[in-house]
Amino acid sequence: MTARIGVITFPGTLDDGDAARAVRHSGAEAVSLWHADADLHGVDAVVVPGGFSYGDYLRCGAIARFAPAMTSVIDAAGKGMPVLGICNGFQILCEAGLLPGALVRNDKLHFVCRDQWLRVENTTTSWSTRYDSGAEVLIPLKSGEGGYMADKPTLDRLEGDGRVVFRYVGENPNGSRGDIAGIASESGRIVGLMPHPEHAIDALTGPSDDGLGMFYSALDALGAVAA
Amino acid sequence: MARVVVDVMPKPEILDPQGQAVAGALPRLGFDGVAEVRQGKHFELEVDDSVDDDTLAKIAEGFLANPVIEDWTIRRVDQ
């Protein structure tokens, strides 16, 4: 059976098209989900894509987290459904309390747009089993508020439990604590990261196809046969 | 009706690059002696009398501020 992976569109979402394309590229069926619709249409997993939901008003992700679709995602995530938050999606998952911490303005204030090397440090989450531990992958990063912040006890817990999934390699692009690019929930079913794996799925349109591993990993987690 | 002011500020331990940029610009504009600038948000709410302090705290804590990175204060102001 083909896995069905939902991609949410909020007002101001930009990367739902590429996220859906990445889902299809991995061999799954992409299901468009609308922010105002609480019905998740029976999807097996959800991608919360990047962009500027609600214009980033108040704080990035602060308004989107209250959308009916997100209320259903929070509920389903609590029952073990895999969820991937990319960029603005990561910010939304943090605002929703599905992941700890928060994303703040880049330390040098510049919007960063570049192909970024990441090191994969946890290969047991629903979104990272297809990578080799310690593998370095090239994924586009494009964000103005990508600095990952959390209090010291939270950071210590994330590090101690191995919940840092992706870490920036080389110069820290945004002031993230511990060079953190992406983290996982305690269960490993929910992952959020600032870089954009959906923009790195083939050599024609991205710097690599390194991002596809996240989508294949989810298919493995769902028990579906990946291409 | 009452006017309620909610001020939201980055926590002291959270880096405030916007405030630092403002502080850095002041000497260039000829204003010396400002040691530090912190930048936050200021909300003015017009609320009717049924909205109690507990409700206002929930609004501030749960929505206007992100308590992971921000502190907030509430005050009712005379009109």
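Which residue fluctuates most in the GNM of chain A (Cα springs below 10 Å): A:31, A:191, A:47?
Top of the fluctuation ranking is A:31.
Tell me, what ³J(HN,Hα) does each residue in region B:58-73 have, in order and in whole Hz, if you take phi through Karplus 6.51 cos²θ - 1.76 cosθ + 1.60 with θ = phi - 60° and put x for Gly and Pro?
Each residue of region B:58-73 in turn: 5, 4, 5, 5, x, 9, 5, 10, 9, x, 5, 10, 10, 9, 9, 9 Hz.
Treating only the Cβ of Lys, Arg, Asp and Glu as charged (+1, +1, -1, -1), what charge dipole size does the protein assembly as shown show about its Cα centre? Round to the nearest 20 debye.
440 debye
In terms of modelled amide H atoms, which long-range or inter-chain residues lie less than 5 Å from the amide H of residue A:181?
A:166, A:167, A:168
Go ahead and estimate [θ] at 222 nm for chain B from helices alone: -39,500 (n - 2.57) per DSSP H run with n ≥ 4, summed, over the residue count, rounded to 500.
-7000 deg cm²/dmol
Under 11 Å from the Cβ of residue B:47, count the other residues' Cβ atoms, weight Lys and Arg +1, Asp and Glu -1, and hand me the total.
Residues close to residue B:47 contribute a combined charge of -4.
Distance check, please: which entries in A:108/A:152; B:11/B:58; A:79/B:11; A:79/A:142; A:152/B:58 exceed 28 angstrom between their Cα atoms?
A:79/B:11; A:79/A:142
For chain A, what is the calculated [θ] at 222 nm in deg cm²/dmol (nearest 500), taking -39500 (n - 2.57) for each run of four or more DSSP H residues and dividing by its residue count?
It comes out at -6000 deg cm²/dmol, rounded to the nearest 500.
With springs only between Cα atoms under 10 Å apart, run a GNM on chain A and tell me which of A:39, A:15, A:210 wobbles the most.
So, out of A:39, A:15, A:210, the one fluctuating most is A:39.
Tell me the angle of helix B:17-28 to the major Cα principal axis of chain B, expressed in degrees between 0 and 90 and rounded to the nearest ten.
Result, in degrees: 50.
Net charge near residue A:123, counting Lys/Arg +1 and Asp/Glu -1 over other residues with Cβ under 15 Å of its Cβ?
Once all neighbours under 15 Å are counted, the net charge is -1.
Kindly state, to the nearest 0.05, the FRET efficiency for residue B:61 paired with residue A:204, given R0 = 45 Å and r defined as their beta-carbon distance.
The calculated FRET efficiency here is 0.40.
Between region B:1-72 and region A:1-54, what is the C-alpha centre distance in whole Å?
Using only Cα atoms to place each centre, the spacing works out to 34 Å.
A short reminder: the numbers here are calculations on the coordinates, not readings from a lab. Note that the structure is a prediction, hence the values are computed from the model and not measured. Every residue, glycine among them, receives a Cβ derived from its backbone with ideal geometry; neighbour counts consider all protein chains shown.
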